[in-house]
Amino acid sequence: MTPIREDEARAEIVRYGALLYERRLAHGSAGNLSVRLDDGSILVTPTNCSLGALTPEQISKVSPDGILLSGDPPSKESFFHLAVYAERPQAGAIVHLHSTHAVAVSCLCHDDTSNVLPPMTAYHVMRVGKLPLLPYYRPGDRRLADAVREAAKNHHAVLLANHGPIVSAKSLGEAVSIYEELEETAKLFFLVGNRPVSLLTCDEVTELEAAFRN
């Protein structure tokens, strides 16, 4: 986790929020971003706000136990951001969006929920890795925090059923990059459909995991 000043983190959230909105990875008031500060508190996007129209002052500052310290009321999903941070001390930022192709993958029935996107490209394996699908919980259901915390022990990216991905990384820029790779892989997944696909072999995946371990 790279130390970051609060004013810099607020500006970064605004900048990446606008970028994700412009790239149509975020829509309406869906999705949320957060950054962890040196004291363990987090900056998280407010509830019912568009990521494309944030101001630094709006962004919520929340204590590690979920108490609002400043800014607008936080996203109702801030509790699962805190759950990820509690489990992954190396994480400095989280991106959670409802992007079209990734959400579509989350709505499918999967025989194996431990990894729901195949290893079609080296960059997916390097940046996203295995992507487990977690069970469905209604938005705001606090039981989701336990499920996310358990999955976060071994994964920096998870997919919420009928909802969307959660991606954590050392910095917000890195989390955004990983999220974009995930969405592009989901898009490829639907583009290839039922056609025969040349996937990376187990040996090729193992080699990548050893060389680019997250």
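Check D146, D112 and return the single one that is assigned to a helix (DSSP H, G or I) and more than 23 Å from R24 (Cβ to Cβ). Explain how you work it out, then say what you get.
Values: D112 fails: assigned to a helix (DSSP H, G or I).
The unique qualifying residue is D146.
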Checklist entry - Considering L133, L182, which residue is within 14 Å of the chain's Cα centre (by Cα) and without any contact (Cβ under 8 Å) to a residue 60 or more places away in the chain? => result L133
Next on the checklist: Looking for something at pLDDT below 95, of a type in the set (D, E) and under 20 Å from I166 (Cβ atoms) - is there at least one such residue anywhere in the range 3-20?
Outcome noted: no
Checklist entry - In the range 184-214, how many are part of a helix (DSSP H, G or I), modelled with pLDDT under 95 and of a type in the set (K, R)? => result 0
Item to check | Residue ranges of strands (runs of 3 or more DSSP E) in the range 1-105 with at least 3 members surrounded by fewer than 16 Cβ atoms within 10 Å (Cβ to Cβ) | outcome: 68-70
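So that you can scan it fast, the table gives a plain yes or no per residue for (1) within 23 Å of L160 (Cα to Cα); (2) β-branched (V, I, T):
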site: P56; (1), (2): no, no
site: S75; (1), (2): yes, no
site: Q90; (1), (2): yes, no
site: I94; (1), (2): yes, yes
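The values are calculated or read from the model by the stated rules, or taken from the named source; none is laboratory data. All of these numbers come straight from a predicted model, not from anything done at the bench. Using ideal geometry, Cβ is built from the backbone for each residue, glycine included, and neighbour counts are taken over all protein chains shown.
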